[in-house]
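The values are calculated or read from the model by the stated rules, or taken from the named source; none is laboratory data. The structure presented is a predicted model; accordingly, all values stated were derived computationally and were not measured. Heads up, the Cβs are rebuilt from the backbone with ideal geometry, glycines too, and the neighbour counts pull from every protein chain shown.
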Amino acid sequence: MILSRKGRPDGDHLDTVHGALSLAVESADATLLAFDFGLRRIGVAIGTTRLGTARPLTTIDAEATSRRFAAIGALIDEWQPDRLVVGIPLHADGTPHELTVRARRFARQLAGRHGLPVIEVDERYTTEIARSALREAGHGGRSERALRDAVAAQIILQAYLDRPDDRAPAA
């Protein structure tokens, strides 16, 4: 099942449910893993609904699909998340582009491989926000890239956790 958080013109977001599974009852303490999908690296963050906080976890640095999904499988086995969150890149005006299609395919693959609900979240500007935050904290250069992707995943997940009214599925 894929949940999609679609931007409305006023900038608010709304989750819509795709599939038969309903999340009508929100777990008071759900663990979530979030992914900032990229062609070379995938940033990963973890958070819980109980605390409402997210933190960067790791960055998967692999181009081979098999290596990426092996690493993701190990993280899912270790952290036992209730749901997964995938950032969906869009142009500034909200229109999709080539990476949008690939990120949505990645979300579908996660749902199919792991049998967990996957929530798609608009990720516009998260990499730039992460880059800026890391520079302010004194991080930069090549070492910043891997950390930047994990921080971008944290920003994606935190944005989802900060909007509790939007976490309820559409009727």
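Tabulated values for the structure
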read-out	value
Output for region 76-89, where each listed residue is among the hydrophobic types (A, V, I, L, M, F, W, C) and surrounded by 19 or more Cβ atoms within 10 Å (Cβ to Cβ)	LEU84, VAL85, VAL86, ILE88
Helices (runs of 4 or more DSSP H) within region 63-171 that include 1 or more residues out of contact with any Pro (no Cβ under 8 Å at 6 or more places or on another chain), under 17 Å from ARG40 (Cα atoms) and modelled with pLDDT of 95 or more	65-79, 98-114
ASP29 modelled with pLDDT under 95, more than 17 Å from ALA150 (Cα to Cα), assigned to a loop (DSSP other than H, G, I, E, B) and of a type outside the set (A, V, I, L, M)	yes
Selection from region 52-62 of residues that are farther than 16 Å from ARG41 by Cβ and assigned to a strand (DSSP E or B)	THR53, ALA54, ARG55
All positions within region 49-75 that are under 25 Å from LEU161 (Cα atoms) and in contact with a Lys or Arg (Cβ under 6 Å, 6 or more places away or on another chain)	THR59, ILE60
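For (1) surrounded by 14 or more Cβ atoms within 10 Å (Cβ to Cβ); (2) out of contact with any Asp or Glu (no Cβ under 8 Å at 6 or more places or on another chain), each residue gets a yes or a no:
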position	(1), (2)
ASP29	no, yes
GLY38	yes, no
ARG41	yes, no
THR53	yes, yes
THR58	yes, yes
ALA62	yes, yes
ARG68	yes, yes
